[in-house]
Structures are given as structure tokens and as C-alpha cells.
Amino acid sequence: MGVCTKAAFLVAMLIFLSACGVGDAGNNISLQQRIDNYIEEHGQNIAGLAISVFTKEDMVLEIEYGYANIEAGLAIDAGAVFEWGALTKQLVWVSAMQLYERGELDLHANIFTYIPEANFPNIVYPTTMFHLMHHAAGFDDYVNSGFANMIVGEAVPALDALIISMTATEHAAQNWQPGQRVRYSIYGTLLASYVVQQVAGVPFYEYVHCNIFAPLGMHHTALLPDMADNPWVQQQRKNIMVYDMWGLQFFQRRQMLAYPTAAAVGTMSDMVRFARGFLPDKNGNSALFAHAETLSMLHPSREDILNTSQCELLHMNVAFFYGIGILADSSDGSEPARVVGHIGATAGFRVFWFIDIDAGIGMVMGENTTHGIASASRFLRFFTNEIPALASQI
């Protein structure tokens, strides 16, 4: 199926939805119709797409478009798995905050309190987990970190070996004193995951399964690059192909070797479960943390949003607050909404996760097309300016 055929499929689906009564209520456009219109306008090149809009307690909208495998005619459905890419980093920061909450990790202590200094001659300034969480530890690897892609099925190196091998590269150079500059760092996150592993005393993926996936009921997400920690996901990943913007399947299905900073793979419903962990219940609690105060630390105030240093990432100005991305859009000059989340990309997959803290509305999106539905900044504006208001009407 070529791009034109895919576009025709989407248009036909939109017509079907309208015929079923999904659309305007009087003069007010519905959430479903607005998303349909957005995809019709920007999604001519997509192969497959899944979007979920939710609150803490309710699923507002779940929709799937297009194909997991165009050639086989396999549609995107609830069993489709998506590579998280950089969204995986949120697992590192949540883990760090859990250990902090338990009194096992001091966010402001030198990381050599927890890992052997002799293995990291590249770290020449006192560096803390707080620096790593805010991408302000002085590393300058940005996105082009040198991490290689791996073909599914290749052997997975241990985190210990990976961090030591990466430390010997130019991407691990500590070019500034921590706190001087914000620079998105994959190496810095990898280093933070190693600290978590050493403090926890178990492999990082085991810690995540026991302390994040299990409490949230995330039974359909894998974290190891070969997905051996979840055979169901490993099998489902074989069913979804990735496509370029011309509708051509990539010759190889690949995923990032950057375990554990970009390796998670899972269903959209599991991604929703994780994102919901950042929305407090009526008592301010979350299954992610034992105390409401810990979750509140991850919710920046408007003053925090205005005062936290930013960096440019994917043509957006992004700040990081205890590792969680601040994605507030104030391009129109208005007071920025309190929106947090992250954006992930691997070879062919794009995923977005946004939460409007004040509205209590979240949205996740996954697609199996490179350069698919829209730019990150455009999709953020779409969510920030329209989705919370439309979702609140349902």
C-alpha cells in the first residue's frame, strides 16, 4: 500500500466516523473530530498511529489508525507495541526519585558516593544526581551520542560494560562545571541509570519491573533491548514494521542499543498507565511513590517553568525538572500551561507523552513512521492549545 492508498484509507475512516455520529455537537467540534481533522491535515505519510487521551481515572478516547504491517494488511490495534525511544529516560528519573524517597539516594551527594570513582576518569568536577536529572552535569553529547543501533536478536551488553565503554568515548567529556549549562545528554542519563543500579543492588531492568511496571500493572512492556524480559512483547514486536515518509518499509527492523535510556517497548495502554502515574488522585497520591510530596516535586510551578534553564531539542525549547521534561508552550505570548512529558524517537517510531497538570488531562501518541504525523513542536501546540479543553467537555 503506497502513501496515496494510506491517505485514502484515513479519509475513508474519517467519513465512516462521521457517518456513525462522531463529530460536531451543535457548533462545537468534538475531541474525536478534532483529532481526526488533525490527522487528515498532517498525517498523509503515516503508516499506523495510536492515540489515547485520559484523566487519572478515565480513558477519554482511544483511537487507532492505519497499519502495523501494510504488506500483510495487519492493522494497528490494542496489541501493537511501540518503541519508547527517549521516553524510556523517564523510568530512570522515577527510579531515582523512588530511591530518594526511601532515603537510599541523596540527590545532592557526589555520585562517587555510589559508584567507583576510578572507573570514571572523565568526570573531573563534583557531580550529583540532581545535575544529571536536570541535564546540567557538563556533558555535551546532545542527541548525536554515538550510540549504535542494533538488529533485533543481537547480544545485549551488560549495563556495567556499556557505561564503561561509553565513558572512554568523546561523548562522555565533561566540558563544563555542573550547573553552568543545560545540554540534553544521553550519556548523563546512562550514568544516572548506573547509579540507580548500584544503589538498588539489582540489575536496572529488574528494579523497574518490580518498582514501576508491577505496581502500575504494566504487563506488556519490555526494557531490555532484546526484549527478553517480556517474551510477549518480544513476539508482538515482530508484527509491527517501520516505514519512511514515502511508505517504504525499512530494510532492517532496528531499535536503539542505548539501554536503558531508549530501549523500552510496549503497548499504548501500558504507556498510558505510566503517564497516569504522574497525575495525582484526589489525595495527591500515585502508585509510583509512597508519599504525595514526592510526586508534587515533579510538578513544576509556573515560577519553576519561567526560571528553569532550557535547551533546544527537536526545534523546541525544553527544560528539565527532576528529569521530567517541561514542555510548556508560550509562543503566543500567553502564560505557559503546566505541561510535562517527553518525546521519543527510534528508527521508524515516534512517540509523544504530554500531561497538563492543572487540567488533569494526558495524551500519548505512537506511530511507526519516521517523519510521520507532525513535528514535535506542532504536536505540542496541538495538545496544549486544544486537547484539555475539548476533553473536559466529555
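The values are calculated or read from the model by the stated rules, or taken from the named source; none is laboratory data. Owing to the predicted nature of the structure, the values given are computational and were not obtained by experimental measurement. Virtual Cβ from ideal backbone geometry, glycine too; neighbours counted across all protein chains shown. All accessible areas refer to the heavy atoms of the entire protein, side chains included, with ligands and DNA or RNA removed. Shrake-Rupley method; radii C 1.70, N 1.55, O 1.52, S 1.80 Å.
At a glance:
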read-out: Identity of the residue in the range 214-254, of a type in the set (A, V, I, L, M, F, W, C) and free of Cβ contacts under 8 Å to residues at least 12 places away in the same chain, that ends up nearest to Met271 (Cα to Cα); value: Ala214
read-out: Residue that is farthest from Ile29 (Cα to Cα) [pool: residues in the range 347-394 that are open to solvent by 10 Å² or more (accessible area, probe 1.4 Å) and polar (S, T, N, Q)]; value: Thr370
read-out: Verdict on Leu87 being surrounded by fewer than 23 Cβ atoms within 10 Å (Cβ to Cβ) and among the hydrophobic types (A, V, I, L, M, F, W, C); value: no
read-out: Strands (runs of 3 or more DSSP E) completely within the range 39-132 that count 1 or more residues being farther than 27 Å from Pro231 by Cα; value: 48-54, 59-69
read-out: Scope the range 160-186; condition of a type in the set (Gly, Ala, Ser) and not in a loop (DSSP other than H, G, I, E, B); matching residues; value: Ala161, Ser165, Ala172, Ser185
read-out: Tabulated pairs, the range 60-79, first under 17 Å from Met268 (Cα atoms), second open to solvent by less than 30 Å² (accessible area, probe 1.4 Å) and among the basic types (Lys, Arg), C-beta under 7 angstrom, 6+ apart or interchain; value: Gly66/Lys6
read-out: Helices (runs of 4 or more DSSP H) wholly inside the range 187-283 that include at least 3 residues being of a type in the set (Phe, Trp, Tyr) and either within 20 Å of Ser95 (Cβ to Cβ) or open to solvent by 30 Å² or more (accessible area, probe 1.4 Å) (or both); value: 204-208
read-out: Enumeration of residues in the range 125-143 that are modelled with pLDDT under 95 and over 14 Å from Arg181 (Cα atoms); value: Val143
read-out: Check on Leu61, closer than 18 Å to Gly366 by Cα, open to solvent by 60 Å² or more (accessible area, probe 1.4 Å) and of a type in the set (A, V, I, L, M, F, W, C); value: no
read-out: Exclusive hit being within 23 Å of Gly344 (Cβ to Cβ) and not β-branched (Val, Ile, Thr), set Ser165, Ser185; value: Ser185
read-out: Options Thr128, Thr113; residue that is of a type outside the set (A, V, I, L, M, F, W, C), open to solvent by 10 Å² or more (accessible area, probe 1.4 Å) and closer than 23 Å to Ile326 by Cα; value: Thr128
